[in-house]
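Student: One structure coming up, written as structure tokens, with questions to follow.
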């Protein structure tokens, strides 16, 4: 019974159309409405902090209305607000008012990856000097242990370029080419890095991250005339790898 009352209270807090819980029937309904609004404002501010570029792209009014719709369907599952809002990109992808803004969910996915990378566990990144000491005969059989902060993102729109253009206070410039992009997100030290991957890079890194050996992951790229070495140097320079096994 107590758990049912708590659940009813939580539902009423995030549903403006719901009446105050029966347990508060003798209290002032206006007081509960103020409390409910404060909860909504806190959750909206949390989403604004997590998705600042999405907010800039659509404006404050649209973002806050969208955030309220998200809050109505997605209740916080943890008392730590920095963990709230991970489902927002998927919500935007299915949100009818944003249907024509295909880039919006992609940018949100990148921003969510940025936050995840920022709060990921610490680990010492592998250096190029350490990699250079590995016997060349072992290279094909190596497996990569990725830094806990490393994220890979494939988008149908130039989301990384759009995000990068909004990292200053000036007027953002639109991407030179409206094409799909693959991005690498890392945080080897204190700063989160976002890099657009060259063609072939995503598939190579995704295979390595899935547990393939370097030889297995590089085979399709080599068959297509690509150079896995350049991709690997960029990967290690970005601090995306913590060990070679």
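Student: For the range 140-190, just say rounded, prolate or oblate: build the C-alpha gyration tensor, square-root its eigenvalues into a ≥ b ≥ c, call rounded for a/c under 1.5, and beyond that prolate if a/b exceeds b/c, oblate if not.
Tutor: It is oblate, given that a/c is not under 1.5 and a/b is not larger than b/c.
Student: Which stretch or stretches of the range 88-124 have amide N atoms under 11 Å from the point lying 7 Å from residue 82's Cα along the Cα→Cβ direction?
Tutor: 115-121
Student: Using mean Cβ contacts within 10 Å as the protection proxy, how do 77-87, 160-170 order, highest first?
Tutor: Going from most to least packed, we get 160-170, 77-87.
Student: Among 64, 56, 151, rank each residue by its count of other Cβ atoms within 10 Å, from fewest to most, as a rough exposure measure.
Tutor: 56, 64, 151
Student: Once you have the Cα-Cα distance between residue 134 and residue 69, take 0.36 nm times their residue separation minus that, and quote the gain in nm to one decimal. Walk me through the numbers on the way to the answer.
Tutor: On the way: separation 65, 0.36 × 65 = 23.40 nm, distance 5.29 nm.
The span from residue 134 to residue 69 would gain 18.1 nm if fully extended.
Student: Answer rounded, prolate or oblate for the range 35-189, using the Cα gyration tensor with square roots of eigenvalues a ≥ b ≥ c: rounded when a/c is under 1.5, else prolate when a/b is larger than b/c, else oblate.
Tutor: prolate
Student: What is the range 122-245 by shape, rounded, prolate or oblate, if you read a ≥ b ≥ c off the alpha carbon gyration tensor as root eigenvalues and call it rounded for a/c under 1.5, prolate for a/b larger than b/c, and oblate otherwise? Kindly include the intermediate steps, with their values, before the conclusion.
Tutor: Working: a/c = 2.53, a/b = 1.53, b/c = 1.66.
Oblate, since a/c reaches 1.5 and b/c is not below a/b.
None of the figures in this text is laboratory data; all of them are computed from the coordinates on show. Since the model is a prediction, treat every value here as computed from it, not as a measurement. Reconstructed Cβ throughout: ideal geometry from the backbone, glycine too, with neighbour counts over all protein chains shown.
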